[in-house]
Amino acid sequence: MPKRKTTSSKTRSSAIIQQLNSVQRAVIEAPDGPILVLAGAGSGKTKVLTHRIAYLISKRKVNPHNILAVTFTNKAANEMKSRLQDLIVKDFKALWVGTFHSICARILRRESVYIGYGHNFVIYDVDDQVKVIKNLMNNLNISQKEFSPTAIHSRISHLKTNMLSPEEFSKQAENRFDEAVSRIYGYYQGFLKSNNAMDFDDLIILPVVLFRNFPQVLERYQERFLYILVDEFQDTNRVQNELIKLLGSKHRNVFVVGDDDQSIYRWRGAELRNILNFEHEFRECQVFRLEQNYRSTKTILDAAFCVVKNNRMRKPKRLWTEREMGEKIVLMEACDEYGEALKIVEKIQYEISNYKRNFKDFAILYRTNAQSRALEDALRRHAISYVIVGGIRFYERKEVKDFLAYLKVIANPADSISLLRAISFPPRGIGEVTIHHLQQFASEKNIPLLEAMKRVDEISSIGSAMKERVRQVYEWFAKYQHLKKELGMNELSRVLNDDVGFLRMYKEEGTIEAMNRYDNIQELLAAISEFAQTRTKPTLETFLEEVSLITDIDTWDDKANAVTLMTLHSAKGLEFPVVFIAGLEDGLFPLSRNMDDPEAFEEERRLFYVGITRAKEKLYLSWAQNRRRYMDGYQNVVSQFIKEIDPELIEYEVTPQYYGRRRRPKWEEVEQEMPANEDYIQDEVRLYVGGHVRHPEFGRGVILKIEGSGLDSKITVFFDNIGQKKLLLRYAHLEIL
């Protein structure tokens, strides 16, 4: 690994304020106290954040030990660390820099005794969380056909994000679905605690509970973190905002950077009002606006402003640039999604041929993952390399999760979910009936499942031969509890692999799929080895924690020479020379489910703004007259967001047979009312609260509320995959189950 160039402290100090514009410099040199930086897209917010930290250390002589910097992705945190290491050297590692989840996990491991957890707690991923809920539904005789486990999981996560306890929610349950959630919620939390496990929501909530219940612990961290800096503040939810307020309430040196125009995570709990109301929470707050953009051409910025200025819930600001006007935005219209994909491929080939671009210069952005199929087909047919951000993550692959299950039990013997996975692969000859008896005994005695296996002789319902088999499995895991104390995590993992025989099994199987699994286990062992060699104090617990907090964008290789395909949500924070935004039709973008909710509709507009501002040099927009996700014969309407852009900024490319000739379309010629589904009109009377429906795009859900009557009524549905949404019945196209 190449060594970093060393520079004198004087040179490093001057570098902190060099190459900054006047506003950036004013931000960095601002006096102590709360600071709100409204940083527009491409305005250098990461530079401002890192240079502010460096300035505090080099000029204000603040001890790095007293600084906390929080962001949302590991990628952003690592970029921040890299930049800071270039700017400062002294006590760099004393800084706390990380994501909300990693910072909170660090606090909880230190203070676990206060909240009744062991320091070696594990973090359950979504699959494990849903498994817990399925088990609880079986135990409570709640039908998984009537209520989807994933819908219940989404609902519980939503409640936790809004800081509603099981007891509080039980008083608010309005229908059968809520009653089922209420019954499961309390047991779910109890199960997690008894297994020394947390979910992602717990990681943020429990520090808030800790600080509220133990003021002496809060005071210790308030004195530790004299300066708190938060990136992407517009993405914070209620709990994260409360955490920052608790930590910063004493010294009030809270420095937040964000852009209300890029708040796009309302669906997962982010609250726009956190950034809009920051000045009211900290009344002595200084406000700065970073409006000079260093990324995009003037045309792209003007188009972005044309769109976002229509939002009412925003702070006034407008991006500008010293860059050239640039080329016009190209709007392409196609007959269907396949024609749209072909047009995008042709434009990529054109750009490569005429401007000597590489595949990695292009990004294709879309509103929903379902749109990628036609795009992938077209790219494959034309031999264009591409990568999808948001596919199956490495650490979510079956063989990798199987291996990690063993490591999780070794790290935390109370983890029954991982234990059940481990003893099922390879099969140990312990069947479901025996597992049921063990779980029942563990529940009665209030002990972990592994402890129940140790005490199997006390369970009369298990035969003697099976007891011996169970005892052997317990002794096998007990052996690894001792090995963990003697071996480093790298050596322990290799001994485990040899013992279980992962690589041996896959090699002997010899199929293409098995060899892929073989390669993935090799890659996992290499990752463990790298972690052990590069961390100051590598432990099995910290490795498992880091793995559990990896996101889609963390695994994206931005150096690979391939076209990037991703949703608009995944694209936030990134930039590309050429950007395509596909599927700009009303009902798809903006999504139909958000067109009747003013707040949700403004978020759709912000999402389009985010997509536009990813482009550095060239922006292509596209829409299709027909798309298979709708009923046969349905005619799409171009997105109303397109019509918000100044026509002088757009070059129109339309299908000749549709418009007759190449010209600027008159939107009134193509606009039409979305037709009502006549079959659905007849079924409308059968809708009722608690009833189950299926949406063509959002999947299965349960009806929570019906407002009004007839096709003009509004219906609130809690969908399994996306949570609660309000729909206009006329356009919902729901199938009654």
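Among the residues of the stretch 57-96, the ones that are among the β-branched types (Val, Ile, Thr) and under 19 Å from the mean Cα position of the chain (by Cα) come to 3 in all.
Count of the stretch 429-453 residues, restricted to those that are closer than 19 Å to ASN196 by Cα, free of Cβ contacts under 8 Å to residues at least 60 places away in the same chain and part of a loop (DSSP other than H, G, I, E, B), is 1.
Counted as qualifying within the stretch 137-201 are the helices (runs of 4 or more DSSP H) with 2 or more residues that are within 20 Å of the chain's Cα centre (by Cα), namely 149-161. May I ask you to list the residues in the stretch 315-354 that are among the charged types (D, E, K, R), crowded, with 17+ Cβ neighbours inside 10 Å and closer than 18 Å to HIS382 by Cα? Correct list: GLU337, GLU340, LYS343, LYS347, GLU351.
For the stretch 169-192, a residue qualifies if it is surrounded by fewer than 17 Cβ atoms within 10 Å (Cβ to Cβ), over 23 Å from SER416 (Cβ atoms) and small (Gly, Ala, Ser), and the qualifying residues are SER170, ALA173. Against the numbered list (1) modelled with pLDDT of 90 or more; (2) under 20 Å from the mean Cα position of the chain (by Cα), THR551 comes up short only at (1).
Residues that are assigned to a loop (DSSP other than H, G, I, E, B) and at pLDDT 95 or above do not occur anywhere in the stretch 603-610. Residue-level check: of (1) surrounded by fewer than 16 Cβ atoms within 10 Å (Cβ to Cβ); (2) modelled with pLDDT under 85, TRP556 misses just (1). Consider TYR406 carefully, then state whether it is in contact with a Leu (Cβ under 8 Å, 6 or more places away or on another chain), surrounded by fewer than 20 Cβ atoms within 10 Å (Cβ to Cβ) and under 30 Å from GLU451 (Cβ atoms). Answer is no for this residue. Given LEU36, LEU95, which one is among the hydrophobic types (A, V, I, L, M, F, W, C) and at pLDDT 95 or above? Exactly one residue qualifies, and that residue is LEU36.
Which number in (1) surrounded by fewer than 17 Cβ atoms within 10 Å (Cβ to Cβ); (2) more than 25 Å from VAL638 (Cβ to Cβ); (3) in contact (Cβ under 8 Å) with a residue 60 or more places away in the chain marks the one condition that GLU599 misses? Condition (2) is where GLU599 drops out. Within this structure, LYS245 fails the test of being out of contact with any Pro (no Cβ under 6 Å at 6 or more places or on another chain), among the charged types (D, E, K, R) and not assigned by TED's automatic domain parsing to the domain that holds GLU29. More than 18 Å from LEU108 (Cα to Cα) and either within 27 Å of the chain's Cα centre (by Cα) or in the same structural domain as GLU279 (by TED's automatic domain parsing) (or both), is that true of LEU229? Against the criterion (more than 18 Å from LEU108 (Cα to Cα) and either within 27 Å of the chain's Cα centre (by Cα) or in the same structural domain as GLU279 (by TED's automatic domain parsing) (or both)), LEU229 qualifies.
If the condition is being buried (at least 18 other Cβ atoms within 10 Å of the Cβ) and touching a residue at least 24 places away in the same chain (Cβ under 8 Å), then the stretch 151-166 contributes ALA151, ILE152, HIS153, SER154, ARG155, ILE156, SER157, HIS158, LEU159, LYS160, THR161.
When every residue of the stretch 411-428 is checked against the conditions, none turns out to be among the basic types (Lys, Arg), at positive phi and outside any helix (DSSP H, G or I). For the stretch 565-590, a tally of residues being over 19 Å from ASP361 (Cβ atoms) and surrounded by fewer than 20 Cβ atoms within 10 Å (Cβ to Cβ) returns 1.
Does PHE121 fit the bill of being in contact (Cβ under 8 Å) with a residue 60 or more places away in the chain, closer than 27 Å to ASN412 by Cβ, touching an Asp or Glu at 6+ places or on another chain (Cβ under 6 Å) and crowded, with 21+ Cβ neighbours inside 10 Å? No, not satisfied. How many of the residues making up the stretch 384-398 are part of a loop (DSSP other than H, G, I, E, B), more than 15 Å from the chain's Cα centre (by Cα) and closer than 12 Å to ALA562 by Cβ? Selection size over the stretch 384-398: 2. Within the stretch 523-541, none of the residues are of a type outside the set (A, V, I, L, M, F, W, C), in contact with a Leu (Cβ under 9 Å, 6 or more places away or on another chain), free of Cβ contacts under 8 Å to residues at least 12 places away in the same chain and surrounded by fewer than 17 Cβ atoms within 10 Å (Cβ to Cβ). Does VAL48 fit the bill of being over 23 Å from the mean Cα position of the chain (by Cα) and either of a type outside the set (Phe, Trp, Tyr) or farther than 21 Å from LYS245 by Cβ (or both)? For VAL48, the condition - over 23 Å from the mean Cα position of the chain (by Cα) and either of a type outside the set (Phe, Trp, Tyr) or farther than 21 Å from LYS245 by Cβ (or both) - is met. In a residue-by-residue description of the stretch 81-101, the property of being in contact (Cβ under 8 Å) with a residue 12 or more places away in the chain, within 22 Å of THR613 (Cα to Cα) and surrounded by fewer than 22 Cβ atoms within 10 Å (Cβ to Cβ) applies to no position.
Scan the stretch 119-141 and tell me whether some residue there is closer than 24 Å to ILE435 by Cα and of a type in the set (Phe, Trp, Tyr). Checked against the condition, which is being closer than 24 Å to ILE435 by Cα and of a type in the set (Phe, Trp, Tyr), the stretch 119-141 yields at least one hit.
The helices (runs of 4 or more DSSP H) falling completely within the stretch 667-737 that include 1 or more residues that are among the charged types (D, E, K, R) and modelled with pLDDT under 50 map to 667-670, 678-683.
Among the residues making up the stretch 456-512, those that are in a loop (DSSP other than H, G, I, E, B) and among the small types (Gly, Ala, Ser) are SER460, SER461, GLY463, GLY488, GLY501, GLY510.
Yes/no matrix, rows are residues, columns are (1) in a helix (DSSP H, G or I); (2) crowded, with 18+ Cβ neighbours inside 10 Å; (3) not aliphatic (A, V, I, L, M):
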site: ILE16; (1), (2), (3): yes, yes, no
site: GLN24; (1), (2), (3): yes, yes, yes
site: ALA30; (1), (2), (3): no, no, no
site: GLY33; (1), (2), (3): no, no, yes
site: VAL37; (1), (2), (3): no, yes, no
site: SER43; (1), (2), (3): no, yes, yes
site: LEU49; (1), (2), (3): yes, yes, no
site: ILE53; (1), (2), (3): yes, yes, no
site: ILE57; (1), (2), (3): yes, yes, no
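The values are calculated or read from the model by the stated rules, or taken from the named source; none is laboratory data. Small disclaimer: the values here were computed from a predicted structure and weren't measured. Methodologically, a virtual Cβ is constructed for each residue, glycine included, from the backbone with ideal geometry; neighbour enumeration extends over all protein chains shown.
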